[in-house]
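What follows draws every value from the coordinates through simple rules; no lab data is involved. Predicted, not measured: the structure shown is a model, and the values here were computed from it.
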Amino acid sequence: MKKGFSQTEVARRVGVHRQSVSRWAALVQQRGLSALQHRRAGRKPRLDSEQFQRIERGLREGPQALGYDTPLWSAVRVADLIERQTGVRYHPDHVYRLLQQLGWSCHRPVGRAL
């Protein structure tokens, strides 16, 4: 690489796979350093900012607005909200990432003997 680091070392330092560094190096060699700008890693987001706003409004309204009996959100209920609000289906095991993006956290109700 430019400063004498191997692609393996660059990958380790940046925290990506070596093949990604190899692709980046090829891009720079073909089109120059500007080829790396405005590139996003990974899959394209399934939800846009307007959809995130609808989900957050739904979360604030609570699960009872969707017809649930209790005011507690569960992963299944959040996945249902997302599908109803946006038409995009998420597995309940993965909705925590979306909640984190919205600044919400996952909590389990604490069962205490009174």
(message) Using helices alone, I'd like the mean residue ellipticity at 222 nm for the chain: each DSSP H run of four-plus residues gives -39500 (n - 2.57), total over residue count, nearest 500.
(response) -14500 deg cm²/dmol
(message) As a test of the definition: which semi-axes, in Å, follow for the chain when you take the square root of five times each eigenvalue of its alpha carbon gyration tensor? Largest first, please.
(response) 43, 18, 10
(message) What translational diffusion coefficient, to the nearest whole µm²/s, does region 30-97 have by Stokes-Einstein, given a Kirkwood radius computed over alpha-carbon pairs, a temperature of 25 °C and 0.890 mPa s viscosity?
(response) 176
